[in-house]
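The next block holds one structure in the form of structure tokens; read it before the comments.
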Ligand code: HEC
């Protein structure tokens, strides 16, 4: 029966019987399994645990904090939220440069001697954006002098592959990379150049480019977005147009 210390313990807790001792036989023996209550195989328990763990990890990794704009890409957060994070034209321009221009003009913008002219320090790159836009839109052929060297190659036009905004971004990039310091190029400047030269099918020559206006009247479709103080310059008389392109 109970020892003296057990008696004391029982008295202290106000119990007449030692509950633990009473349960010991039951704890020692497991009940016979009954139909439908058999314990599952431990492998299943492990698999189930692993599956739960994976589910938690997956949610944590891919739920995107349950943000509406992450989970539903069609959902717009409104113009304000979009306008708050404008695309940096230099970042976009660098990516486009790597995909569209780097193969010829090289990563350092220095081109290849005798083959591809440099963009770093080039007076063409730092010059009028309207001319630059024309070069990228329709390409260039024949002799050209860049940084004191003469080149005579072929550059393809990209009018059908790049949007006005993309061309503006890549031009902005080349005007600010490799130590170049010129103003960014706006999409509407490229749009104006595209409109003014829409009939053109062949690459430019330097002689043709020099006859082109250095600034285009902005297209009617975007004229509404022009600031009042910045009306399109009237300095582009029809006489400067080359007969070839019209
Ligand atoms: C297939 C090669 C090639 C690709 C791609 C190319 N260019 Fe050119 N680029 C040339 C060549 C060749 C010339 C010189 C053409 C000539 O000799 O008449 C040139 C000339 C130029 C010029 C005027 C001369 C100068 O060095 O400043 C500019 C500006 C220019 N390219 C910008 C670009 C931009 C921006 C891109 C990408 C959107 C691009 N090029 C893609 C080959 C290329």
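We did not get these values from a lab; they are worked out from the coordinates using the rules stated. Keep in mind the model is a prediction, meaning the values are calculated, not measured. No Cβ is skipped: glycine too gets one built from the backbone with ideal geometry, and neighbour counts run over all protein chains shown.
Summary table
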{"read-out": "Highest to lowest packing among 155-161, 124-130, 178-184, scored as the average C-beta count within 10 Å", "value": "124-130, 155-161, 178-184"}
{"read-out": "Protection-proxy order for peptides 163-170, 194-201, each taking the mean of Cβ atoms within 10 Å per residue, highest first", "value": "163-170, 194-201"}
{"read-out": "Residue 38/residue 59 FRET efficiency (R0 30 Å; Cβ-Cβ; nearest 0.05)", "value": "0.40"}
{"read-out": "Gap separating the Cα centres of the range 15-52 and the range 164-193, nearest whole Å", "value": "74 Å"}
{"read-out": "Order by protection proxy (mean Cβ within 10 Å, highest first), peptides 36-43, 50-57, 98-105", "value": "98-105, 50-57, 36-43"}
{"read-out": "Residue 165-residue 102 FRET efficiency (beta carbon distance; Förster radius 22 Å; 0.05 resolution)", "value": "0.65"}
